[in-house]
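The values are calculated or read from the model by the stated rules, or taken from the named source; none is laboratory data. Since the model is a prediction, treat every value here as computed from it, not as a measurement. No Cβ is skipped: glycine too gets one built from the backbone with ideal geometry, and neighbour counts run over all protein chains shown. Areas reflect the complete protein model, heavy atoms only, side chains present, ligands, DNA and RNA absent. Shrake-Rupley method; radii C 1.70, N 1.55, O 1.52, S 1.80 Å.
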Amino acid sequence: MLKLLLSLILTGTLALPVFAAENLSFDQLLNQLTRVEQEIPVAPVAAQASDRAADGRYWVTVKAADKHARTRLLEAGFDIVEIEKGSVSGFAGPDLLGLLSSKSFGVVSKVSMADYAARAKDFPSQDAIYHNYQETYDLLKQLAAANPDIASLFSIGKTVEGRDIWCLRINSSVKGDGPSSKPGAFFMGNLHAREHLTTEVSVLLAAWLLEHRNDADVKKYISTLDIYIAPMANPDGSEFDIKTGSYQYYRKNMAKNAGGSRGVDLNRNFDSWWCESGASTYPGSDTYCGPKAFSEVESQNIKRFFEARRNLKTHITYHSYASEILYPWGGNDADVPEEKDKKAFIKIATEMGKLTNYEPRKSSDMYVATGDSADWAYAATGVLAFTFELEGRGFYPGAAIVKGAVERNIKAAVYLLSVTDNPYKVI
Ligand code: 0X9
Ligand code: ZN
(Lines give C-alpha, C1' and ligand atoms only; values in the text may rest on other atoms or scores of the structure.)
(Ligands and ions follow the chains in the order given, each with its own letter.)
Protein backbone atom coordinates (compact mmCIF):
# COMPACT_ATOMS: atom_id res chain seq x y z
CA MET A 1 0.00 0.00 0.00
CA LEU A 2 2.79 2.43 0.90
CA LYS A 3 4.41 1.83 -2.43
CA LEU A 4 1.25 2.87 -4.20
CA LEU A 5 1.27 6.19 -2.42
CA LEU A 6 4.87 6.70 -3.30
CA SER A 7 4.38 5.80 -6.93
CA LEU A 8 1.29 7.97 -7.25
CA ILE A 9 3.12 10.90 -5.76
CA LEU A 10 6.16 10.28 -7.90
CA THR A 11 4.22 9.90 -11.11
CA GLY A 12 2.32 13.06 -10.30
CA THR A 13 -0.97 11.13 -10.39
CA LEU A 14 -1.65 12.25 -6.88
CA ALA A 15 -0.50 15.35 -5.11
CA LEU A 16 -1.46 14.22 -1.64
CA PRO A 17 -1.79 10.75 -0.19
CA VAL A 18 -5.56 10.35 -0.02
CA PHE A 19 -5.34 7.03 1.84
CA ALA A 20 -3.20 8.32 4.65
CA ALA A 21 -6.23 9.10 6.79
CA GLU A 22 -6.68 6.80 9.78
CA ASN A 23 -9.87 5.05 10.79
CA LEU A 24 -11.46 4.64 7.40
CA SER A 25 -15.01 3.36 7.42
CA PHE A 26 -15.92 0.13 5.65
CA ASP A 27 -17.45 2.12 2.79
CA GLN A 28 -14.33 4.22 2.51
CA LEU A 29 -12.21 1.07 2.50
CA LEU A 30 -14.37 -0.45 -0.20
CA ASN A 31 -14.53 2.77 -2.20
CA GLN A 32 -10.76 2.87 -2.20
CA LEU A 33 -10.87 -0.31 -4.20
CA THR A 34 -12.76 1.27 -7.08
CA ARG A 35 -10.96 4.60 -6.86
CA VAL A 36 -7.59 2.91 -7.03
CA GLU A 37 -8.67 0.99 -10.12
CA GLN A 38 -9.21 4.31 -11.90
CA GLU A 39 -6.15 6.10 -10.62
CA ILE A 40 -3.57 3.41 -10.50
CA PRO A 41 -0.66 3.51 -12.92
CA VAL A 42 -0.98 0.33 -14.98
CA ALA A 43 2.70 -0.43 -15.45
CA PRO A 44 3.88 -3.20 -13.15
CA VAL A 45 6.66 -2.41 -10.73
CA ALA A 46 9.32 -4.17 -12.75
CA ALA A 47 8.42 -2.16 -15.84
CA GLN A 48 8.36 1.08 -13.88
CA ALA A 49 11.73 0.24 -12.41
CA SER A 50 13.27 -0.52 -15.76
CA ASP A 51 11.83 2.73 -17.17
CA ARG A 52 13.50 4.59 -14.35
CA ALA A 53 16.66 2.56 -14.79
CA ALA A 54 16.59 3.51 -18.45
CA ASP A 55 16.58 7.22 -17.58
CA GLY A 56 19.58 6.51 -15.36
CA ARG A 57 18.04 7.65 -12.12
CA TYR A 58 19.01 6.51 -8.65
CA TRP A 59 17.41 6.41 -5.23
CA VAL A 60 19.74 8.71 -3.33
CA THR A 61 20.10 9.51 0.36
CA VAL A 62 21.77 12.84 1.13
CA LYS A 63 22.76 14.43 4.44
CA ALA A 64 20.40 17.21 5.50
CA ALA A 65 20.67 18.37 9.10
CA ASP A 66 17.65 20.67 9.15
CA LYS A 67 14.95 22.32 7.10
CA HIS A 68 17.40 24.88 5.71
CA ALA A 69 19.55 22.09 4.32
CA ARG A 70 16.41 20.51 2.85
CA THR A 71 15.50 23.81 1.21
CA ARG A 72 18.95 24.06 -0.35
CA LEU A 73 18.56 20.54 -1.74
CA LEU A 74 15.21 21.42 -3.27
CA GLU A 75 16.82 24.50 -4.83
CA ALA A 76 19.49 22.25 -6.30
CA GLY A 77 16.65 20.35 -7.98
CA PHE A 78 16.48 17.35 -5.64
CA ASP A 79 13.01 15.82 -5.39
CA ILE A 80 12.73 14.96 -1.68
CA VAL A 81 10.54 11.90 -1.17
CA GLU A 82 11.43 10.82 2.35
CA ILE A 83 12.75 12.82 5.28
CA GLU A 84 14.81 10.93 7.82
CA LYS A 85 16.69 12.18 10.87
CA GLY A 86 19.72 14.01 9.47
CA SER A 87 19.12 13.02 5.87
CA VAL A 88 16.64 12.95 3.03
CA SER A 89 16.05 10.48 0.20
CA GLY A 90 14.66 10.80 -3.27
CA PHE A 91 15.30 10.17 -6.92
CA ALA A 92 18.13 11.81 -8.82
CA GLY A 93 19.45 11.46 -12.34
CA PRO A 94 23.19 11.35 -13.17
CA ASP A 95 23.60 15.15 -13.53
CA LEU A 96 21.98 15.95 -10.22
CA LEU A 97 23.84 13.10 -8.58
CA GLY A 98 27.09 14.61 -9.85
CA LEU A 99 26.12 17.97 -8.42
CA LEU A 100 25.12 16.48 -5.07
CA SER A 101 28.40 14.56 -4.92
CA SER A 102 30.61 17.49 -5.86
CA LYS A 103 29.07 20.19 -3.71
CA SER A 104 28.89 20.21 0.05
CA PHE A 105 25.77 18.07 0.25
CA GLY A 106 27.14 14.70 1.35
CA VAL A 107 25.67 11.76 -0.53
CA VAL A 108 25.18 8.95 1.99
CA SER A 109 24.12 6.25 -0.46
CA LYS A 110 22.83 5.68 -3.96
CA VAL A 111 20.89 2.70 -5.26
CA SER A 112 20.05 1.93 -8.87
CA MET A 113 16.34 1.87 -9.69
CA ALA A 114 16.48 -1.87 -10.41
CA ASP A 115 17.93 -2.53 -6.96
CA TYR A 116 15.46 -0.09 -5.42
CA ALA A 117 12.50 -1.98 -6.91
CA ALA A 118 13.97 -5.30 -5.77
CA ARG A 119 14.05 -4.02 -2.19
CA ALA A 120 10.32 -3.45 -2.21
CA LYS A 121 8.52 -5.26 0.59
CA ASP A 122 4.98 -4.93 -0.55
CA PHE A 123 2.42 -5.84 -3.18
CA PRO A 124 3.16 -4.81 -6.75
CA SER A 125 1.83 -1.29 -7.23
CA GLN A 126 -1.16 -2.37 -9.32
CA ASP A 127 -2.30 -4.50 -6.34
CA ALA A 128 -1.38 -2.02 -3.64
CA ILE A 129 -4.90 -2.00 -2.24
CA TYR A 130 -4.25 -5.50 -0.87
CA HIS A 131 -3.28 -5.47 2.79
CA ASN A 132 0.15 -6.78 3.66
CA TYR A 133 0.87 -8.14 7.14
CA GLN A 134 1.48 -4.79 8.82
CA GLU A 135 -1.47 -3.17 7.10
CA THR A 136 -3.75 -6.05 8.07
CA TYR A 137 -2.57 -5.80 11.67
CA ASP A 138 -2.99 -2.02 11.65
CA LEU A 139 -6.54 -2.30 10.35
CA LEU A 140 -7.43 -4.98 12.90
CA LYS A 141 -5.98 -2.80 15.67
CA GLN A 142 -7.96 0.19 14.44
CA LEU A 143 -11.16 -1.85 14.36
CA ALA A 144 -10.62 -3.15 17.89
CA ALA A 145 -9.74 0.33 19.18
CA ALA A 146 -12.82 1.87 17.58
CA ASN A 147 -15.12 -0.79 19.07
CA PRO A 148 -13.63 -1.54 22.48
CA ASP A 149 -16.96 -2.69 23.93
CA ILE A 150 -17.35 -5.59 21.50
CA ALA A 151 -14.04 -6.18 19.71
CA SER A 152 -10.61 -7.29 20.82
CA LEU A 153 -7.46 -8.50 19.18
CA PHE A 154 -5.27 -11.37 20.26
CA SER A 155 -2.64 -13.65 18.80
CA ILE A 156 -3.43 -17.28 18.08
CA GLY A 157 0.30 -17.89 18.35
CA LYS A 158 3.58 -17.26 16.57
CA THR A 159 4.71 -18.44 13.17
CA VAL A 160 8.00 -20.18 12.46
CA GLU A 161 9.53 -16.77 11.68
CA GLY A 162 8.06 -15.21 14.80
CA ARG A 163 5.10 -13.27 13.43
CA ASP A 164 1.83 -13.27 15.32
CA ILE A 165 -1.25 -14.84 13.78
CA TRP A 166 -3.68 -12.09 14.69
CA CYS A 167 -7.31 -12.79 15.41
CA LEU A 168 -10.05 -10.22 15.88
CA ARG A 169 -12.77 -11.33 18.24
CA ILE A 170 -16.27 -9.86 18.24
CA ASN A 171 -18.06 -10.73 21.44
CA SER A 172 -20.20 -8.41 23.55
CA SER A 173 -19.18 -9.96 26.87
CA VAL A 174 -15.69 -11.49 26.64
CA LYS A 175 -12.48 -9.87 25.40
CA GLY A 176 -9.19 -11.41 24.32
CA ASP A 177 -8.82 -15.17 24.24
CA GLY A 178 -10.92 -16.09 27.29
CA PRO A 179 -13.64 -18.73 27.06
CA SER A 180 -17.22 -18.06 26.01
CA SER A 181 -20.27 -20.27 26.11
CA LYS A 182 -21.91 -18.45 23.22
CA PRO A 183 -22.04 -20.35 19.92
CA GLY A 184 -18.97 -19.44 17.91
CA ALA A 185 -18.01 -18.82 14.28
CA PHE A 186 -14.43 -18.71 13.04
CA PHE A 187 -13.36 -17.15 9.74
CA MET A 188 -9.77 -17.77 8.64
CA GLY A 189 -7.88 -16.41 5.62
CA ASN A 190 -4.58 -16.87 3.86
CA LEU A 191 -3.53 -20.34 5.04
CA HIS A 192 -1.98 -20.56 1.59
CA ALA A 193 0.48 -17.72 1.10
CA ARG A 194 -0.31 -16.62 -2.46
CA GLU A 195 -4.09 -16.56 -1.95
CA HIS A 196 -4.13 -12.91 -0.92
CA LEU A 197 -7.75 -12.29 -1.89
CA THR A 198 -8.67 -14.41 1.13
CA THR A 199 -7.03 -11.89 3.46
CA GLU A 200 -9.07 -9.09 1.91
CA VAL A 201 -12.34 -10.99 2.25
CA SER A 202 -11.60 -11.78 5.90
CA VAL A 203 -10.32 -8.42 7.05
CA LEU A 204 -13.05 -6.52 5.23
CA LEU A 205 -15.65 -8.85 6.71
CA ALA A 206 -14.38 -7.73 10.12
CA ALA A 207 -14.60 -4.08 9.08
CA TRP A 208 -18.11 -4.55 7.69
CA LEU A 209 -19.48 -6.34 10.76
CA LEU A 210 -18.21 -3.62 13.07
CA GLU A 211 -19.39 -0.84 10.81
CA HIS A 212 -22.84 -2.46 10.68
CA ARG A 213 -22.93 -3.32 14.36
CA ASN A 214 -26.23 -1.49 14.80
CA ASP A 215 -28.08 -3.21 11.96
CA ALA A 216 -30.77 -5.35 13.60
CA ASP A 217 -29.44 -8.73 12.41
CA VAL A 218 -25.74 -7.95 12.97
CA LYS A 219 -26.55 -6.53 16.38
CA LYS A 220 -28.23 -9.77 17.31
CA TYR A 221 -25.28 -11.89 16.12
CA ILE A 222 -22.83 -9.69 18.01
CA SER A 223 -24.77 -9.96 21.25
CA THR A 224 -25.44 -13.69 21.01
CA LEU A 225 -22.40 -15.16 19.24
CA ASP A 226 -18.65 -15.48 19.68
CA ILE A 227 -17.12 -14.40 16.37
CA TYR A 228 -13.45 -14.78 15.39
CA ILE A 229 -11.70 -13.53 12.27
CA ALA A 230 -8.05 -14.38 11.57
CA PRO A 231 -7.31 -12.90 8.13
CA MET A 232 -3.72 -14.19 7.86
CA ALA A 233 -3.09 -17.71 9.09
CA ASN A 234 0.23 -17.94 7.23
CA PRO A 235 1.73 -14.44 7.41
CA ASP A 236 5.32 -15.62 6.85
CA GLY A 237 4.44 -17.18 3.52
CA SER A 238 2.22 -14.26 2.59
CA GLU A 239 4.99 -11.72 3.22
CA PHE A 240 7.54 -13.90 1.41
CA ASP A 241 5.22 -14.00 -1.58
CA ILE A 242 5.27 -10.21 -1.98
CA LYS A 243 8.57 -9.10 -0.54
CA THR A 244 10.43 -8.58 -3.80
CA GLY A 245 7.63 -6.47 -5.25
CA SER A 246 6.73 -9.20 -7.72
CA TYR A 247 4.75 -12.28 -6.84
CA GLN A 248 6.55 -15.52 -6.03
CA TYR A 249 3.63 -17.94 -6.46
CA TYR A 250 4.47 -19.18 -2.98
CA ARG A 251 2.01 -21.49 -1.19
CA LYS A 252 3.58 -22.95 1.93
CA ASN A 253 4.83 -21.74 5.29
CA MET A 254 8.48 -20.75 5.75
CA ALA A 255 9.77 -23.81 7.64
CA LYS A 256 13.32 -24.84 6.79
CA ASN A 257 13.12 -28.40 5.57
CA ALA A 258 15.79 -31.05 5.89
CA GLY A 259 17.66 -30.91 2.60
CA GLY A 260 17.48 -27.15 2.29
CA SER A 261 14.07 -26.51 0.71
CA ARG A 262 11.51 -24.22 2.30
CA GLY A 263 7.99 -24.78 3.44
CA VAL A 264 5.29 -27.24 4.43
CA ASP A 265 1.82 -27.09 2.88
CA LEU A 266 -0.23 -26.15 5.93
CA ASN A 267 -3.35 -27.52 4.27
CA ARG A 268 -1.75 -30.96 4.21
CA ASN A 269 -0.27 -30.86 7.72
CA PHE A 270 -3.40 -31.46 9.82
CA ASP A 271 -4.04 -34.85 11.36
CA SER A 272 -6.85 -36.07 9.11
CA TRP A 273 -5.64 -39.15 7.20
CA TRP A 274 -2.34 -37.26 7.23
CA CYS A 275 -0.31 -37.61 4.04
CA GLU A 276 -2.31 -40.55 2.68
CA SER A 277 -3.51 -38.99 -0.58
CA GLY A 278 -3.18 -35.77 -2.57
CA ALA A 279 -0.08 -34.79 -0.62
CA SER A 280 3.63 -35.21 -1.17
CA THR A 281 6.38 -36.50 1.09
CA TYR A 282 8.98 -34.63 -0.97
CA PRO A 283 9.97 -31.49 0.97
CA GLY A 284 10.50 -29.41 -2.15
CA SER A 285 6.97 -30.03 -3.34
CA ASP A 286 4.18 -27.49 -3.04
CA THR A 287 1.96 -30.11 -1.39
CA TYR A 288 4.60 -31.31 1.09
CA CYS A 289 2.72 -32.63 4.13
CA GLY A 290 5.62 -32.08 6.54
CA PRO A 291 7.62 -34.65 8.53
CA LYS A 292 4.58 -35.53 10.66
CA ALA A 293 1.04 -34.36 11.30
CA PHE A 294 1.06 -31.01 13.08
CA SER A 295 4.79 -30.63 12.63
CA GLU A 296 4.25 -26.90 11.95
CA VAL A 297 3.75 -24.20 14.57
CA GLU A 298 1.06 -22.56 12.45
CA SER A 299 -1.08 -25.72 12.24
CA GLN A 300 -0.37 -26.40 15.94
CA ASN A 301 -1.66 -22.92 16.81
CA ILE A 302 -4.82 -23.42 14.77
CA LYS A 303 -5.32 -26.84 16.38
CA ARG A 304 -5.00 -25.35 19.86
CA PHE A 305 -7.35 -22.55 18.90
CA PHE A 306 -10.11 -24.98 17.89
CA GLU A 307 -9.53 -27.32 20.81
CA ALA A 308 -9.76 -24.49 23.33
CA ARG A 309 -13.07 -23.30 21.86
CA ARG A 310 -15.54 -26.12 21.86
CA ASN A 311 -18.28 -23.52 21.53
CA LEU A 312 -17.33 -23.09 17.85
CA LYS A 313 -20.20 -24.25 15.65
CA THR A 314 -19.28 -22.93 12.19
CA HIS A 315 -16.08 -22.21 10.33
CA ILE A 316 -14.91 -20.95 6.96
CA THR A 317 -11.33 -21.33 5.79
CA TYR A 318 -10.88 -19.08 2.76
CA HIS A 319 -8.78 -20.24 -0.17
CA SER A 320 -8.62 -19.28 -3.82
CA TYR A 321 -9.49 -19.88 -6.58
CA ALA A 322 -12.34 -21.97 -8.00
CA SER A 323 -15.64 -20.28 -7.02
CA GLU A 324 -16.59 -23.25 -4.89
CA ILE A 325 -17.89 -23.94 -1.40
CA LEU A 326 -16.52 -27.23 -0.17
CA TYR A 327 -17.63 -29.37 2.73
CA PRO A 328 -16.12 -32.58 4.22
CA TRP A 329 -14.76 -34.94 3.49
CA GLY A 330 -11.89 -33.70 1.41
CA GLY A 331 -9.51 -36.48 2.35
CA ASN A 332 -11.86 -39.34 1.63
CA ASP A 333 -14.45 -40.09 -1.04
CA ALA A 334 -17.03 -41.05 1.58
CA ASP A 335 -19.73 -38.75 2.86
CA VAL A 336 -19.47 -37.71 6.48
CA PRO A 337 -21.05 -40.50 8.55
CA GLU A 338 -23.45 -38.34 10.59
CA GLU A 339 -26.57 -37.91 8.48
CA LYS A 340 -27.60 -34.68 10.19
CA ASP A 341 -24.17 -33.17 9.61
CA LYS A 342 -24.25 -34.15 5.97
CA LYS A 343 -27.66 -32.55 5.53
CA ALA A 344 -26.58 -29.38 7.33
CA PHE A 345 -23.37 -29.17 5.27
CA ILE A 346 -25.28 -29.50 2.01
CA LYS A 347 -28.05 -27.08 2.96
CA ILE A 348 -25.74 -24.38 4.34
CA ALA A 349 -23.28 -24.72 1.43
CA THR A 350 -26.18 -24.48 -1.01
CA GLU A 351 -27.53 -21.31 0.62
CA MET A 352 -24.08 -19.72 0.70
CA GLY A 353 -23.66 -20.80 -2.92
CA LYS A 354 -26.76 -18.83 -3.90
CA LEU A 355 -25.37 -15.74 -2.20
CA THR A 356 -21.93 -15.96 -3.81
CA ASN A 357 -22.59 -17.70 -7.10
CA TYR A 358 -20.06 -20.29 -6.00
CA GLU A 359 -20.75 -23.97 -6.49
CA PRO A 360 -21.43 -26.08 -3.38
CA ARG A 361 -19.54 -29.35 -3.52
CA LYS A 362 -18.19 -32.15 -1.42
CA SER A 363 -14.52 -31.34 -1.04
CA SER A 364 -13.28 -34.71 -2.30
CA ASP A 365 -15.23 -34.16 -5.54
CA MET A 366 -12.67 -31.48 -6.30
CA TYR A 367 -9.88 -33.94 -5.48
CA VAL A 368 -9.04 -36.17 -2.57
CA ALA A 369 -6.36 -34.52 -0.47
CA THR A 370 -5.67 -35.49 3.11
CA GLY A 371 -4.48 -33.38 6.02
CA ASP A 372 -6.59 -30.32 5.27
CA SER A 373 -7.61 -28.01 8.07
CA ALA A 374 -11.38 -28.21 7.48
CA ASP A 375 -11.53 -32.02 7.61
CA TRP A 376 -9.49 -32.01 10.80
CA ALA A 377 -11.54 -29.26 12.47
CA TYR A 378 -14.80 -31.04 11.71
CA ALA A 379 -13.54 -34.48 12.75
CA ALA A 380 -11.85 -33.26 15.93
CA THR A 381 -14.37 -30.74 17.22
CA GLY A 382 -17.62 -31.19 15.29
CA VAL A 383 -17.52 -27.63 13.94
CA LEU A 384 -19.24 -27.36 10.56
CA ALA A 385 -16.17 -26.43 8.54
CA PHE A 386 -16.36 -25.10 5.00
CA THR A 387 -13.53 -24.42 2.59
CA PHE A 388 -14.29 -21.50 0.31
CA GLU A 389 -12.42 -21.34 -2.95
CA LEU A 390 -12.94 -17.71 -3.88
CA GLU A 391 -13.44 -16.45 -7.37
CA GLY A 392 -10.82 -15.26 -9.84
CA ARG A 393 -8.60 -16.48 -12.58
CA GLY A 394 -5.23 -17.20 -11.09
CA PHE A 395 -3.84 -16.52 -7.66
CA TYR A 396 -3.32 -12.85 -8.44
CA PRO A 397 -6.67 -11.70 -9.79
CA GLY A 398 -5.86 -8.02 -9.31
CA ALA A 399 -7.44 -5.10 -7.55
CA ALA A 400 -10.63 -5.01 -9.59
CA ILE A 401 -11.90 -8.31 -8.22
CA VAL A 402 -11.74 -7.39 -4.54
CA LYS A 403 -14.88 -5.30 -4.18
CA GLY A 404 -17.26 -7.89 -5.67
CA ALA A 405 -15.61 -10.77 -3.86
CA VAL A 406 -15.85 -8.96 -0.53
CA GLU A 407 -19.49 -8.01 -1.05
CA ARG A 408 -20.53 -11.50 -2.10
CA ASN A 409 -18.66 -13.16 0.73
CA ILE A 410 -20.04 -10.83 3.37
CA LYS A 411 -23.51 -12.07 2.40
CA ALA A 412 -22.42 -15.69 2.79
CA ALA A 413 -20.64 -15.01 6.08
CA VAL A 414 -23.68 -13.21 7.47
CA TYR A 415 -25.82 -16.16 6.45
CA LEU A 416 -23.41 -18.46 8.28
CA LEU A 417 -23.73 -16.26 11.37
CA SER A 418 -27.52 -16.52 11.07
CA VAL A 419 -27.32 -20.30 11.53
CA THR A 420 -24.42 -20.42 13.99
CA ASP A 421 -26.74 -20.46 17.03
CA ASN A 422 -27.94 -23.88 15.84
CA PRO A 423 -26.75 -24.98 12.40
CA TYR A 424 -29.11 -27.95 12.47
CA LYS A 425 -32.15 -25.70 12.36
CA VAL A 426 -31.72 -25.53 8.59
CA ILE A 427 -32.49 -29.23 8.02
O1 0X9 B 1 -5.58 -28.06 -2.29
C2 0X9 B 1 -5.99 -27.32 -1.39
O3 0X9 B 1 -5.48 -27.27 -0.28
C4 0X9 B 1 -7.21 -26.43 -1.66
N5 0X9 B 1 -7.13 -25.82 -2.95
S6 0X9 B 1 -6.05 -24.61 -3.20
O7 0X9 B 1 -6.04 -24.28 -4.59
N8 0X9 B 1 -6.54 -23.35 -2.41
O9 0X9 B 1 -4.79 -25.05 -2.71
C10 0X9 B 1 -8.45 -27.26 -1.65
C11 0X9 B 1 -8.74 -27.88 -0.35
C12 0X9 B 1 -9.93 -28.73 -0.44
N13 0X9 B 1 -9.70 -29.90 0.32
C14 0X9 B 1 -9.62 -31.14 -0.21
N15 0X9 B 1 -9.98 -31.42 -1.42
N16 0X9 B 1 -9.20 -32.04 0.63
ZN1 ZN C 1 -5.47 -22.67 -0.82
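What the table shows:
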{"item": "Average accessible surface area per residue within the chain, 1.4 Å rolling probe, Å²", "result": "41"}
{"item": "Exposure ranking of D149, D226 by accessible area [1.4 Å probe, largest first]", "result": "D149, D226"}
{"item": "Entries in K340/K403; K182/K425; K256/K292; K220/K340; K403/K425 that, when Cα-Cα distance is taken, lie over 24 Å", "result": "K340/K403; K220/K340; K403/K425"}
{"item": "Solvent-accessible surface (1.4 angstrom probe) belonging to V160, in square angstrom, nearest 10", "result": "70"}
{"item": "Inter-label distance, nm, simple model (7 Å from Cα along the C-beta direction), Y424/L24", "result": "4.4"}
{"item": "Distance in nm between pseudo-label sites at K121 and K219 (7 Å out along the Cβ direction from Cα)", "result": "4.4"}
{"item": "Of all DSSP beta bridges in the chain, antiparallel share, percent nearest 5", "result": "55"}
{"item": "Within region 164-245: Cβ-based charge dipole about Cα centre, in debye rounded to nearest 20 (Lys, Arg +1; Asp, Glu -1)", "result": "340"}
{"item": "Principal axis box of region 156-261, alpha-carbon based, largest edge first, Å", "result": "53, 27, 16"}
{"item": "Extension reserve of the A76-Y249 stretch, reckoned as 0.36 nm per residue once the Cα distance is removed", "result": "58.0 nm"}
{"item": "The chain - percent of accessible surface contributed by carbon and sulfur, probe 1.4 Å", "result": "51"}
{"item": "Pairwise Cα inverse-distance average, inverted: Kirkwood Rh of the chain (Å)", "result": "23.0"}
{"item": "Sites D95 and A308 - FRET efficiency at Förster radius 60 Å, r taken between beta-carbons, to 0.05", "result": "0.40"}
{"item": "Percentage of interatomic Cα-Cα distances in region 328-404 larger than 20 Å", "result": "36"}
{"item": "Quotient of C-alpha Rg and 2.2 N^0.38 Å, computed over region 278-427", "result": "1.05"}
{"item": "Exposure of R309 as accessible area (Å², to 10), given a probe of 1.4 Å and all protein chains", "result": "20"}
{"item": "Proximal aspartates and glutamates to K67, defined as alpha-carbon separation beneath 20 angstrom and excluding residues fewer than eight positions away on the same chain", "result": "E75, D79, E82, E84"}
{"item": "Distance (nanometres) between label positions extended 7 Å along Cα→Cβ at D177 and R393", "result": "4.3"}
